[in-house]
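For reference, the structure is listed below as structure tokens.
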Amino acid sequence: MGEGELSSLHVDILQEVGNIGAAHAATALSELLGTPVRISVSSARRCTFDEVSEVAGGPDELIVGVFVRVTGDIGGNMLLLMSVDSANILLQTLLGSKIVSGDYDDMQLSALGEVGNILGGAYTSAIATLTSLRMSQSVPAVAVDMAGAILDAGILATSEVSDFAVLIDTSIMGGASNIDGHFFLLPDPSSTVPLLDALGC
Amino acid sequence: MSDYSEQVEVVCRIGIADGAVVSRPDRLRTSGLGSCVGLVMYDVLTGLSGMVHVMLPTAPADFAERLRVDGVKPQKYADSAVLWLVSELQNRGSTIRNLRAKMAGGAQMFASAGRSDVLRVGPRNVEAVETALTGCSIPLLAKDVGGTEGRTIEFDSQTQLLSVRTAKSGTFTI
């Protein structure tokens, strides 16, 4: 595999990784919320940095982002991204308090971080089981800001060596509660090949 | 923008790790700067103005080779971006002594994850831009850098003012 190139087989496999990871994450989220959560089929592609923030609604869009760094046999960044409205619904369900703005207190930020932590944990453990790769994740970090600014952190490791990022994107929709968001896995460039290797490619 | 204006202002949008030079009365805009830095360089006499959206502090050691082989963008790194912007402005008739700079960005978006050097890249980007500007003897007249908030910036080549918008602290000009 050439540097940064993805064949259609590799795209299919990374998509399947996304589907399996996200299916486990969706189960975890629906248990947490007590409501069914749907996920769409994941997409995996190699895209420019500008395209990554377009997927999240454009660089100016105000969003809530939970950032989790993955380390171990493979490295990468996981991001749970959702609209402020979705985060408010999530917090109301979890904490029972009525939330009107995106101006969260420590308790609310911590709850959002914990959602990212649970989803990330379900996602990585599904991939780790599938591949026998050892993966651990950092403490989640939460930011409410412009999508482009939040995604800077997600593409940073990639930008050191490449002008493109491999993005595995899954859309998440909460059944009755109108939560919608994205779950991004951005493997480090040096980890795409080991990840595909571990999957038998 | 007014319909009856004789000269139509064009807003030139700069993507990540990209840059452009425009002349009066056009505007330059880049959105969603987190740890990235938006640097503006303009000619006080002609109004010729350029902007870059810088991602990382320093170009890699094999930069010259990679520039030739895979066309890596000089606008991506603070040190090479400053030199690129100076040469673009010079190519269109500016002289260094007429150039001034303004910049914004370099935030640390995830303050709680600050233990990692990678996530401290914002302040490092700011330092690298300042060092490169000093190296070229270009005065930095204004900056809005650091903090934990993202920024969207727009430069008006007519007034030579840089408008900075954040999600929580509103909009102001420097």
Please note which strands (runs of 3 or more DSSP E) are completely contained in segment B:13-55 and include at least 2 residues that are crowded, with 24+ Cβ neighbours inside 10 Å and without any contact (Cβ under 8 Å) to a residue 40 or more places away in the chain. B:49-54
Would segment B:141-153 turn up any residue that is surrounded by 15 or more Cβ atoms within 10 Å (Cβ to Cβ), over 16 Å from B:Cys36 (Cα atoms) and touching a residue at least 12 places away in the same chain (Cβ under 8 Å)? yes
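Got a sec? Which strands (runs of 3 or more DSSP E) wholly within segment B:77-174 have at least 3 residues that are more than 10 Å from chain A (Cβ to nearest Cβ) and out of contact with any Ser or Thr (no Cβ under 7 Å at 6 or more places or on another chain)? Step through it out loud before you land on a result.
On the way: elements: B:99-105, B:140-145, B:151-156, B:161-166, B:170-173.
Qualifying strands (runs of 3 or more DSSP E): B:99-105, B:140-145.
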A:Ile168 passes all but one of the listed conditions (1) surrounded by 24 or more Cβ atoms within 10 Å (Cβ to Cβ); (2) assigned to a helix (DSSP H, G or I); (3) under 12 Å from the mean Cα position of the chain (by Cα); the exception is number (2)
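Can you tell me which residue among A:Asp180, A:Asp163 is more than 19 Å from the chain's Cα centre (by Cα) and surrounded by fewer than 20 Cβ atoms within 10 Å (Cβ to Cβ)?
Values: A:Asp180 fails: more than 19 Å from the chain's Cα centre (by Cα).
Of the residues listed, the single one that is more than 19 Å from the chain's Cα centre (by Cα) and surrounded by fewer than 20 Cβ atoms within 10 Å (Cβ to Cβ) is A:Asp163.
Kindly provide the set of residues from segment B:70-104 that are small (Gly, Ala, Ser), out of contact with any Asp or Glu (no Cβ under 7 Å at 6 or more places or on another chain) and open to solvent by less than 30 Å² (accessible area, probe 1.4 Å), ordered by number. Quick ask: steps written out before the conclusion?
Filtering segment B:70-104 for residues small (Gly, Ala, Ser) gives B:71, B:78, B:80-81, B:87, B:93-94, B:101, B:104.
Okay, now just the ones that are also out of contact with any Asp or Glu (no Cβ under 7 Å at 6 or more places or on another chain), so B:71, B:78, B:80-81, B:87, B:93, B:101.
Within segment B:70-104, B:Ala78, B:Ser80, B:Ala81, B:Ala101 qualify.
Tell me, which residue of segment A:109-138 that is free of Cβ contacts under 8 Å to residues at least 60 places away in the same chain and within 14 Å of chain B (Cβ to nearest Cβ) is nearest to A:Ser86 (Cα to Cα)?
My answer is A:Leu112.
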Enumeration of residues in segment A:52-69 that are more than 28 Å from A:Ser125 (Cα to Cα) and either more than 9 Å from chain B (Cβ to nearest Cβ) or β-branched (Val, Ile, Thr) (or both): A:Glu54, A:Gly57
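From the list A:Ser30, A:Ser86, A:Ser110, which one is among the hydroxyl-bearing types (Ser, Thr, Tyr) and touching a Gly at 6+ places or on another chain (Cβ under 6 Å)?
A:Ser86
The values are calculated or read from the model by the stated rules, or taken from the named source; none is laboratory data. Values in this document were obtained by computation on a predicted structure and should not be read as measured data. FYI the Cβ positions are ideal-geometry reconstructions off the backbone, even for glycines, and counts take in every protein chain you see. Keep in mind that these areas ignore ligands, DNA and RNA; they rest on the heavy atoms of the full protein, side chains included. Shrake-Rupley method; radii C 1.70, N 1.55, O 1.52, S 1.80 Å.
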